[in-house]
Amino acid sequence: MKLLVSIWARPAYVLLSAGISLVVFTIAVWLPNWRLVLTIIPSQSATFAEKVSLLTSLYGSILTNFTTFSALYTITIALLFGVNIVVLVHYVRTTRKIRTSNKGTWTSFGGIVSGFLGVGCASCGTFILTGLLGLFGAAGSLVFLPLGGEEFGLLGIVLLVYSIYTLLKKIDRPLVCSPPSLPPNY
């Protein structure tokens, strides 16, 4: 925990985490209205101020399009996503000169992907996962899950927390090779 606090003591990391969390949250909130967003942005009939006003008003859909449960895990995933990226950046910077296993990096990537797959709302379910399963004709199988596919949001949270924990553990106790031993004749 001390390591996480020391990482967060750097203003650049706080800004990076906040920015990434905002981007992930924005994607999650705008995703149900992607056609509207793609229509408004290039539109010549709306002023820049009207476009910004409409796009910022879409943040209110977290209260209307999402259940309380899905809104909570969407916000949690966005925050953990930002923390995970910052810890990963710190890990890469601190281990740049030391060759270590890529396990922490792959764990972080797994947490990021699963967190992104779990983003969704009450009316649409998990957007990305439903689209991927639809390619294989398996989207209807989500109704057989106890939470209707929201399990993937919980899985994303668990994997992001595990990823952060693993990266912090690797930063705190890096893999250091012992120097080669000399033959007995020396």
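Read the figures in this text as sums done on the coordinates, not as results from a lab. Keep in mind it's a predicted model, so treat the numbers as computed, not measured. As a convention, Cβ positions derive from the backbone with ideal geometry for all residues, glycine included, and neighbour counts pool all protein chains shown.
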(request) Would you check which residues across segment 7-55 are of a type in the set (Gly, Ala, Ser) and surrounded by 11 or more Cβ atoms within 10 Å (Cβ to Cβ) and list them? (result) SER17, ALA18, GLY19, SER21, ALA28, SER43, ALA46, SER53
(request) Quick one: ARG35 ticks every box in (1) under 24 Å from ASP172 (Cβ atoms); (2) in a helix (DSSP H, G or I); (3) of a type in the set (D, E, K, R) except a single one, so which number is it? (result) (1)
(request) Within segment 1-32, track down each residue that is under 30 Å from LYS169 (Cα atoms) and touching a Cys at 6+ places or on another chain (Cβ under 9 Å). (result) ALA28
